[in-house]
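Peer 1: Structure in structure tokens, see below.
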Amino acid sequence: MDYGTLRGFVALLILALFIIIVVWSYSKKRKSSMDEVANSIFEEDLALKEQAAKENKERHLDTDSKQETNNNV
């Protein structure tokens, strides 16, 4: 077997692996997990926005209580 034939077999092996991976990743069994992973970025973004809003509200409440204390003095 010469070098050209070996390169041909390796190329066919890589092509077969590529096709297997594509078929595996787009199979119906994987659809639900792929959809979950795809939408996870939106869940993380929503959680970060909710956390930022909560922290902002807490800061606003702290500022209001300090202003009331200063007004009473």
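Read-outs: derived from the displayed coordinates by stated rules, not from any lab. Note that the structure is a prediction, hence the values are computed from the model and not measured. Using ideal geometry, Cβ is built from the backbone for each residue, glycine included, and neighbour counts are taken over all protein chains shown.
Peer 1: What FRET efficiency, computed as 1/(1 + (r/R0)^6) with R0 = 30 Å and r the Cβ-Cβ distance, is obtained for Arg59 and Asp35, rounded to the nearest 0.05? All intermediate terms of the calculation are to be shown ahead of the outcome.
Peer 2: Details: r = 37 Å, r/R0 = 1.22.
The formula returns an efficiency of 0.25 here.
Peer 1: Moving to a separate point now. If you keep only loop residues by DSSP, which chymotrypsin sites (Phe, Trp or Tyr not before Pro) in the stretch 3-33 have at most 10 other Cβ atoms within 10 Å of their Cβ? Could the numbers behind the result be given before it?
Peer 2: On the way: sites: Tyr3, Phe9, Phe18, Trp24, Tyr26; in loops: Tyr26.
Hits after loop and neighbour filter: Tyr26.
Peer 1: By the scheme Lys and Arg +1, Asp and Glu -1, what is the net charge of all other residues having a beta-carbon under 15 Å from that of Ile20? Write down the numbers at each step before the final one.
Peer 2: Details: positive: Lys29, Arg30; negative: none.
After counting each charged neighbour, the total is +2.
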